[in-house]
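Trainee: Before we start, here is the structure in question, set down as structure tokens.
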Amino acid sequence: MGTMRSVWLALALLLAGCPGGTKGPDTGVDSDDDGVVDAEDCAAWSKERWRTLEVFRDEDGDGLGAGGTRLQCIGERPPVGWALTAGDCADGDASRWREVPGLYPDRDGDGATAPGPVTGCVGDSLGGFHSQPGPEDCDDTDGRYQQTARAWRDLDGDGHGSDTSVTYCLGARLPAGHVALEGDCAPYDSTRAVALAYTYRDADADGFTVPEQGTLCATTLPSGYLNTARDLDCDDRSATRWRLRDVYVDTDGDGFGAGAAEARCIGDAPGPGFAWEGEDCAAGDGTRWQWRSYAHRDQDGDGATVPQTGVQCSGEELPDGYHVWPGALDCDDTSPARRVSWDVYPDTDGDGVGAGARQTLCAGGTLPQGYSARDSDCATSDATRWQVLAFSHRDGDGDGFTVPQTGTVCSGATLPAGHATSARGLDCDDTVPARHTSVQAWVDTDADGVGAGEPVVMCTDGTVPKPWSGSGTDCAADDGTRWRMLPYAHVDRDEDGHTQSEAGGLCAGAELPEPYFAQAKGNDCDDTDASLFRWAVLYPDADGDGVGAGARTVPCLGRDVPRGFSFKGYDVDDRNASVQEDAEDDLLVELLLMP
């Protein structure tokens, strides 16, 4: 540390013009104890400063100064705002202090550079510069714009320019009266600007084109000018002809030609005297033009066919007698009266069913007379019978009742009489028409219509003959007036016209005999005495005024009320015949009943 201070002191003395650095009388005094004697210390009272050096102004504090020098008394370092070394190229910007040649400016940091190379003031990085040129920057002060573009005058305001051009930054506002699109094909007409190209023409407006290139100054291409090809027009001067096709001479006008093909420019139709197809099998006959195959023939025209294949020159359809699909098979195609092959059997009795050996006949559309398609006739000489039918019941006596019996019989449309497939009752004697139903009967000795005893089974016409009965419940077999048991619920033994309850049964005739009844007649309280027949509630009537009082009794009475009794029991004084009711009670009743 002392050595460095001696060096700085020698430099300070040299700069101050102190030859030889001769010390004064106080050369050994160091007032601030900083290692430099007062005689050599430029600030003997401060330990922080002891030497005088040239310094440079450092405005941005980056350690490098700029401008003129100035002597200052300093210590190890110059004070803030000053530097020992000059050369700062941007003393107001601490991030830049050195100059580097061969750089390209990019002040707006958009990657595009201004013209170069130049010497740039930079710091640790090349901020604002690049070592290599970038895309050309038309405005290095605004990062939004880099590319230089051209603009043209727009005299008619249609967005397309012409005439001379000027440059501007692409993306920035265009110069007044200028646009970015050039090529206005009509500079003084705002309705037209761009010359439209076309590559095809349709002069006859038939929808078909020919190649032709050109341009038109228009808003849209007019009709007949196109950029997409349609089918090639073989004649763009005529709307009725547009395609080149091979056609054939059609001499008979049937739409089909013959001979070698000719290439002609045509439209929808091949033209008079020509046809699309060239295979007319009868070039001089307008009704025939094509070969058609057939697989069946009907030579006699009866609608039935025989298999036969071939081809025939025809029109839209095969001629009569030639067919693709078969009809009914013709057994004789030379005669229209014979076309169906019949497998038949002789029918000698004409009942529609034959018999014997099968025969094959070629005939018309109906079954030949005297023959049948069936061979099951069971009676060949009887037209009323032709089929064997099964039966399961017989009615031998014709009484309409059957007995079970199975078998078969030669019949007509239905089974003959006396034969059936379902039961009709059960005939107990199929040999006698008057006897067909089995009935159960009882002997009726008293002829009252109801029998008794053990039953017997009889075969009759369905009725029970006398002296028998179909019922065997006679409760009095020897008494013709009684034959059935009737229930009774009431009796009147004293014959007073009033009954009492008593249930039982009695053998009787059509009705119950007296004194037995099914319905009650009154309620007899004593059926042993004809004078007594009803129950009644009585009250003693001591004064005989017709109204009694006191305890009531319920005796068995007849028509009359016993003396000294009354049906009424509300007498208030039964000792006085003139008093029967209480006036106060009458008043109370009257009040209760008042409306």
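Trainee: Stretched out fully, how many nm does the piece from THR251 to SER46 gain, at 0.36 nm a residue minus the Cα gap?
Mentor: Here the answer is 60.0 nm.
Trainee: To the nearest 20 debye, what is the magnitude of the charge dipole of the chain about its Cα centre, counting +1 on the Cβ of each Lys and Arg and -1 on the Cβ of each Asp and Glu?
Mentor: 2860 debye
Trainee: Counting only protein heavy atoms and using a 1.4 Å probe, what share of the accessible area of region 197-241 belongs to carbon plus sulfur, as a whole percent?
Mentor: 49 percent
Trainee: Taking the chain as the reference, fit the longest principal axis to its C-alpha atoms, fit the long axis of helix 2-16 to the helix C-alpha atoms, and give the angle between the two in degrees, 0 to 90, nearest 10.
Mentor: 60 degrees
Trainee: Quick one: check the C-alpha center-to-center distance for region 88-139 versus region 141-160, whole angstrom.
Mentor: For region 88-139 versus region 141-160, the Cα centre distance is 28 Å.
Trainee: Separate question: Can you grab the distance from the C-alpha centre of region 254-298 to the C-alpha centre of region 446-519, Å, no decimals?
Mentor: Region 254-298 and region 446-519 have Cα centres spaced 114 Å from each other.
Trainee: If you don't mind, another one. Around SER190, under 11 Å between beta carbons, what's the net of Lys plus Arg minus Asp minus Glu among the other residues?
Mentor: Charge balance near SER190 sits at -4.
Trainee: Further question: Quote the FRET efficiency, to the nearest 0.05, computed for GLN359 versus ASP461 with a Förster distance R0 of 51 Å and r equal to the Cβ-Cβ distance.
Mentor: 0.40
Trainee: Next question, about the same structure. Hey, rough spin-label estimate for ASP33 and LEU170, points 7 angstrom out along Cα→Cβ, what's it come to in nanometres?
Mentor: Distance between the two pseudo-spin positions: 7.6 nm.
Trainee: Can you give the log10 of the normalised intensity I(q)/I(0) at q = 0.11, 0.18 Å⁻¹, computed with Debye over equal Cα scatterers of region 295-451?
Mentor: -0.69, -1.02
Trainee: Could you compute the net charge surrounding GLY470? Neighbours are other residues with a C-beta less than 15 Å from the C-beta of GLY470; K and R count +1, D and E count -1.
Mentor: -3
Trainee: Right, another one. Taking only C-alpha pairs under 8 Å that are 6+ residues apart, what is the relative contact order of the chain in percent?
Mentor: That works out to 3 percent.
Trainee: Please give me the summed charge of the neighbours of ASP351: other residues whose Cβ is under 15 Å from its Cβ, Lys and Arg +1, Asp and Glu -1.
Mentor: So the surrounding residues net to -3.
Trainee: Another one. Identify, among LEU181, SER501, VAL311, the residue whose Cα sits farthest towards the positive end of the charge dipole of the chain, taking +1 on the Cβ of Lys and Arg and -1 on the Cβ of Asp and Glu, with the dipole about the Cα centre.
Mentor: LEU181
Trainee: For region 35-64 and region 394-444, compute the distance between their C-alpha centroids and round to whole Å.
Mentor: Region 35-64 and region 394-444 have Cα centres spaced 165 Å from each other.
Trainee: What percent does the relative contact order of region 197-241 come to when contacts are Cα pairs within less than 8 Å and at least six residues apart?
Mentor: So the answer I get is 47 percent.
Trainee: Once the Cα gyration tensor of region 499-541 is found, what semi-axes does its equivalent ellipsoid get, as square roots of 5 times the eigenvalues, in whole Å, sorted largest first?
Mentor: Working from the Cα gyration tensor, I get semi-axes of 30, 9, 8 Å.
Trainee: Compute the accessible area per residue over region 201-347, keeping the other protein chains in place, probe 1.4 Å, unit Å².
Mentor: In whole numbers, region 201-347 has 59 Å² accessible per residue.
Trainee: May I ask for the angle, rounded to the nearest 10°, between helix 583-593 and the longest principal axis of the chain, with both axes built from Cα atoms and the value confined to 0 to 90°?
Mentor: Result, in degrees: 50.
Trainee: What is the antiparallel percent of DSSP beta bridges lying wholly in the chain, to the nearest 5?
Mentor: Bridges in the chain are about 95 percent antiparallel.
Trainee: Turning to a different aspect of this structure: Compute the length gained on full extension between ASN576 and ARG484: take 0.36 nm times their separation in residues and subtract their Cα-Cα distance, giving the result in nm to one decimal.
Mentor: 26.8 nm
Trainee: Kindly list the residues of region 511-546 that lie in the label zone of ARG493, defined by a backbone N under 19 Å from the point 7 Å along the Cα-to-C-beta vector.
Mentor: Those under the cut-off are 513-535.
Trainee: Okay, moving on. Using C-alpha positions alone, give me the convex hull volume of the chain per residue in cubic angstrom.
Mentor: Here the figure is 1013 Å³ per residue.
Trainee: Right, here's the next one. As an exercise, take the mean of 1/r over every pair of distinct alpha carbons in region 337-419, invert it, and state the Kirkwood radius in angstroms.
Mentor: 14.4 Å
The values are calculated or read from the model by the stated rules, or taken from the named source; none is laboratory data. The structure displayed is predicted, hence computed values, not measured ones. Glycine also receives a Cβ, built like all others from the backbone with ideal geometry; neighbour counts cover every protein chain displayed. Remember, those area values only see protein heavy atoms, side chains included, never the ligands or the DNA or RNA. Shrake-Rupley method; radii C 1.70, N 1.55, O 1.52, S 1.80 Å.
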